[in-house]
Amino acid sequence: MTGDHQTLALLLFSAFVAVTLGITTWVSRHRHGSAEEFYAGGRLFSPMENGFALAGDYMSAASFLGISGLIALVGYDGMLYSVGFLVAWLVVLFLVAELVRNCGRFTLADVVAARMRERPVRVATGTSSVTVSVLYLVAQMVGAGSLVALLLGGTGEAARAWTVIGVGALMVIYVSLGGMRATTWIQIVKAVLLLGGTVALTVLVLLRFHGDFNRLLLTAAERSGHGEAFLAPGLAYGGDWTARLDFISLGLALVLGTAGLPHILSRFYTVPTARAARRSVVWAIGLIGGFYLMTIVLGFGAAALVGPDAVRASNTSGNTAVPLLALDLGGGAGSTGGTVLFAIVVAVAFATILAVVAGVTLASSASVAHDLYASLRRRRGEPRSEVAVARLAAVGIGVVAIALGLLARDLNVAFLVGLAFAVAASANLPVLLYSLFWRGFTTRGAVWAVYGGLVPAVVLVLLSPVVSGGPEALFPGVDFQLFPLQNPGLVSVPLGFLAGWIGTATSAEVPDEARHAETEVRSLTGAGAV
Amino acid sequence: MRYDDPWYDALASGWGESADAGAPAAVPTPRGEDRAPADVYLEVQRSEAFREVRSRYRRFVVPAAVLFFAWYVAYVVTATTAPEWMARPVAGAVNAGMLAGLAQFLTTFLLTWAYARHARLRRDRAALELRWDTQELARERGGAA
């Protein structure tokens, strides 16, 4: 890429960093340092603001760059991701959002621990939440690295490492200084920027085809070299039964994982009531649905205008399809329009990564301080000290994510996000649904449900073809691959539910009627909600 | 002092909402510590009014969740096991699979709208009354204020 691209993209990105740092300082100007303020932003955001923030938290670079890129390369099969990512929100809306808002205070563990013996349950859900968050963070760090590689033409290994470190350092500053309030505003700004950029590109693609979607599809199919097959399922996940099962596994993880993501769950505590939580999810579904519909247009547009060969030449997994499309839509390489559009898209993608990283770091620091630290230390201290621990935890998690992000930089971003979803669906969702809806659920059931999903999900990934046994694996030299699928969801999600059931059935503990009544009444009416 | 009515959504900024101007932003204090006596919740749980709210919620959510999950799984399984069916042309370049994908978007939007409407009309008011009653009951028992 030319120097113009780099300068302009860097300028725009610096502007975003300056604005968000400004927000952070402005917001932390009158912060109280209370846990309420740090984890939940004072609980006074409006449904619309929180809806934009939810959308901002959810639309990561993997969606913006990854899905469009996959559609540009494999056509219809990439579109299946868009569908799964959106339908997942119905689980959140129907079963989780309002009830979690009514029952909990800051984290997933609050909801579960209300009915159970607190310590083991908090340690279990805290551990699984941190695991999910770290996996999600690593994916975003790797995405940032790939973007820099594109911007600098793949020359600077050092530049790539420094970008990952820089992104990590920035997010630690945002989170530890601004807490939930600053993070929420960053998400809102980012969601508006991302949606604006996506709308502009979509309109330009449709204008190029004079609004004729049919011709867009036909051109994409023709240019792909696959003809009609490009518009039908099977290009990526056709083939043998392993590939097909792998896709079903991924589909299951996507649709069930969203409701177990810690950074999504913690967003419901930033609004005052369950009704506001519901309305913010309705906002989020509208925004996210519109966004994923547009990624389909962008994906087929990239296939039609840039061509799968050019996309693949730039990045084998298609992550750079959208920036290349922007370059073409603006008038091609070397033109002013192309340079500007390209720089804008790269800067928006950077902003996206930065914001998602901040949101996930905050959620995981809450899990460390509010769940793990609060249960593992001896006595209860001042609430203020918990916030201090959360700030330290944000720094610690930042360091871990930076280190892992540098190690895993050659891994596929979409795979890591899929894995985070699989772990969330296996470890967090069963325990959450059981404690909200099952009268007879016990402490042992809760602990087994978490570890019974978490351990298989992580172990199956270690034994999968992603880690060893092939030329594209993380460790190509060794072969301890025993599990054929890349995504463990198909096995580990049912195991999580099963383990929770077995744990409950075998425990001698009598379920506490009164505490179940409390959870049920509180979850549906909001009585006693904070 | 504190405005306990959940219908009153106190806002951080009032952006995009027609919040009552001049109303001071109510800052809720943590109430997790002052637990109501356990028998209050048991009593409310067994009451007719609560059962009505619960069954209204479940009567909508259970069938709707089963429906969308079955429809999504059917879509994913059909796409992977019967791609030739998905490839059948419908109109121009648009085939059955493309329509099925867009239908998933459409049903998601429709179910979201239906759920929000159902909750607003059939559940919110009754739940709010129960919330008041429960907190009132807890206060009487001297558990918490």
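The values are calculated or read from the model by the stated rules, or taken from the named source; none is laboratory data. This structure is a prediction, so every number in the text was calculated from the model and none was measured. Cβ atoms come from the backbone with ideal geometry, glycine included; neighbour counts cover every protein chain shown.
Can you list the helices (runs of 4 or more DSSP H) lying wholly within the stretch B:38-145 that have 1 or more residues being more than 24 Å from A:Ser249 (Cα to Cα)?
Answer list for the stretch B:38-145: B:38-46, B:48-81, B:96-118, B:124-140.
Considering each of B:Ala49, B:Ala119 in turn, give the residue that is hydrophobic (A, V, I, L, M, F, W, C), surrounded by 14 or more Cβ atoms within 10 Å (Cβ to Cβ), within 29 Å of A:Arg515 (Cβ to Cβ) and within 7 Å of another protein chain (Cβ to nearest Cβ).
B:Ala119
Go through (1) in contact with a Lys or Arg (Cβ under 6 Å, 6 or more places away or on another chain); (2) more than 14 Å from chain B (Cβ to nearest Cβ); (3) not charged (D, E, K, R) for A:Ala333 and report which single condition fails.
Result: A:Ala333 passes all but (1).
With the condition being out of contact with any Gly (no Cβ under 8 Å at 6 or more places or on another chain) and farther than 18 Å from A:Leu65 by Cβ, I'd like the helices (runs of 4 or more DSSP H) fully within the stretch A:257-318 carrying at least 2 qualifying residues. Please lay out each step first, then the result.
Values: elements: A:262-265, A:274-305, A:308-314.
The helices (runs of 4 or more DSSP H) meeting that bar are A:262-265, A:274-305.
Out of the residues in the stretch A:123-132 meeting the condition of being of a type outside the set (Ser, Thr, Tyr) and surrounded by 24 or more Cβ atoms within 10 Å (Cβ to Cβ), tell me which one is nearest to A:Gly445 (Cα to Cα).
A:Ala124
Condition test on B:Arg35, is it out of contact with any Leu (no Cβ under 6 Å at 6 or more places or on another chain), more than 7 Å from chain A (Cβ to nearest Cβ), modelled with pLDDT of 50 or more and crowded, with 17+ Cβ neighbours inside 10 Å?
Here the answer is no, as B:Arg35 does not meet what is asked.
For residues in the stretch A:236-256 being aromatic (Phe, Trp, Tyr) and either within 8 Å of chain B (Cβ to nearest Cβ) or not in a helix (DSSP H, G or I) (or both), which is nearest to A:Leu54 (Cα to Cα)?
A:Phe247
I'd like the full set of residues that are over 15 Å from the mean Cα position of the chain (by Cα) and at the interface with chain B (Cβ under 9 Å from one of its Cβ atoms), limited to the stretch A:88-101.
Answer for the stretch A:88-101, where residues must be over 15 Å from the mean Cα position of the chain (by Cα) and at the interface with chain B (Cβ under 9 Å from one of its Cβ atoms): A:Leu90, A:Val91, A:Leu93, A:Phe94, A:Leu95, A:Glu98.
Looking at the stretch B:102-112 only, could you name the residues that are more than 8 Å from chain A (Cβ to nearest Cβ) and within 19 Å of A:Val281 (Cβ to Cβ)?
Of everything in the stretch B:102-112, those that are more than 8 Å from chain A (Cβ to nearest Cβ) and within 19 Å of A:Val281 (Cβ to Cβ) turn out to be B:Leu106, B:Thr107, B:Leu110.
Please indicate, with yes or no, whether at least one residue in the stretch A:329-337 is β-branched (Val, Ile, Thr), part of a helix (DSSP H, G or I) and crowded, with 24+ Cβ neighbours inside 10 Å.
From the stretch A:329-337, those β-branched (Val, Ile, Thr) are A:336; that's our starting set.
Filter once more, so that each one left must be part of a helix (DSSP H, G or I): A:336.
From what is left, the residues that are crowded, with 24+ Cβ neighbours inside 10 Å are none.
No, there is no match, as no residue in the stretch A:329-337 is β-branched (Val, Ile, Thr), part of a helix (DSSP H, G or I) and crowded, with 24+ Cβ neighbours inside 10 Å.
Being hydrophobic (A, V, I, L, M, F, W, C) and within 7 Å of A:Ala72 (Cβ to Cβ) is the filter here, so list the residues in the stretch A:307-319 that pass it.
A:Val311
Which one is nearest to the chain's Cα centre (by Cα) among residues in the stretch A:502-525 that are surrounded by 19 or more Cβ atoms within 10 Å (Cβ to Cβ) and closer than 26 Å to A:Leu256 by Cβ?
Applying the first criterion (surrounded by 19 or more Cβ atoms within 10 Å (Cβ to Cβ)) to the stretch A:502-525 yields A:503-504, A:516-525.
The next check asks that each one be closer than 26 Å to A:Leu256 by Cβ; those that pass are A:503-504, A:516, A:519-520, A:522-524.
Details: A:Gly503: 30, A:Thr504: 31, A:His516: 31, A:Thr519: 28, A:Glu520: 29, A:Arg522: 29, A:Ser523: 26, A:Leu524: 28 Å.
Among those residues, the one meeting the criterion is A:Ser523.
Filter the stretch B:92-101 down to the residues that are more than 13 Å from A:Asp77 (Cβ to Cβ) and at the interface with chain A (Cβ under 8 Å from one of its Cβ atoms), then identify the one that is modelled with the highest pLDDT.
Looking at the filtered set, the residue picked out is B:Asn95.
Tell me whether the stretch A:96-104 contains one or more residues that are farther than 23 Å from A:Ala529 by Cβ and either surrounded by fewer than 24 Cβ atoms within 10 Å (Cβ to Cβ) or not polar (S, T, N, Q) (or both).
So far as the stretch A:96-104 goes, no, none of its residues is farther than 23 Å from A:Ala529 by Cβ and either surrounded by fewer than 24 Cβ atoms within 10 Å (Cβ to Cβ) or not polar (S, T, N, Q) (or both).
Just to check your reading of the model, which residue among A:Ala284, A:Ala277, A:Ala302 is closer than 19 Å to B:Thr112 by Cα, crowded, with 24+ Cβ neighbours inside 10 Å, out of contact with any Lys or Arg (no Cβ under 7 Å at 6 or more places or on another chain) and among the small types (Gly, Ala, Ser)? Steps first, please.
Working: A:Ala277 fails: out of contact with any Lys or Arg (no Cβ under 7 Å at 6 or more places or on another chain); A:Ala302 fails: closer than 19 Å to B:Thr112 by Cα.
Every option except A:Ala284 fails the conditions.
Select, from A:Ala191, A:Ala220, A:Ala161, A:Ala144, the only residue that is surrounded by fewer than 23 Cβ atoms within 10 Å (Cβ to Cβ), in contact (Cβ under 8 Å) with a residue 40 or more places away in the chain and small (Gly, Ala, Ser).
The match here is A:Ala161.
Which of the helices (runs of 4 or more DSSP H) contained wholly in the stretch A:8-99 include at least 2 residues that are modelled with pLDDT under 90?
Correct list: A:35-40, A:68-74, A:76-91.
Do we find that A:Ala182 is modelled with pLDDT of 80 or more, in a helix (DSSP H, G or I) and more than 14 Å from chain B (Cβ to nearest Cβ) in this structure? Can you show your working first?
Details: modelled with pLDDT of 80 or more: yes; in a helix (DSSP H, G or I): yes; more than 14 Å from chain B (Cβ to nearest Cβ): no.
It is false that A:Ala182 is modelled with pLDDT of 80 or more, in a helix (DSSP H, G or I) and more than 14 Å from chain B (Cβ to nearest Cβ).
Picking from B:Ala127, B:Ala79, which residue would you name as being of a type in the set (A, V, I, L, M, F, W, C), touching a residue at least 60 places away in the same chain (Cβ under 8 Å) and facing another protein chain (nearest Cβ under 7 Å)?
Exactly one residue qualifies, and that residue is B:Ala127.
Scanning the stretch A:340-359 for residues that are crowded, with 24+ Cβ neighbours inside 10 Å and β-branched (Val, Ile, Thr), which turns out nearest to A:Val148 (Cα to Cα)?
If we take residues in the stretch A:340-359 being crowded, with 24+ Cβ neighbours inside 10 Å and β-branched (Val, Ile, Thr), then A:Val346 is nearest to A:Val148 (Cα to Cα).
Considering each of A:Ala221, A:Ala191, A:Ala200 in turn, give the residue that is facing another protein chain (nearest Cβ under 10 Å) and either in a helix (DSSP H, G or I) or within 27 Å of A:Tyr58 (Cβ to Cβ) (or both).
Going through A:Ala221, A:Ala191, A:Ala200 in turn, the sole match is A:Ala221.
Would you kindly identify the helices (runs of 4 or more DSSP H) lying entirely within the stretch A:426-530 that contain at least 1 residues that are within 14 Å of another protein chain (Cβ to nearest Cβ) and of a type in the set (Phe, Trp, Tyr)?
Answer list for the stretch A:426-530: A:429-437, A:489-506.
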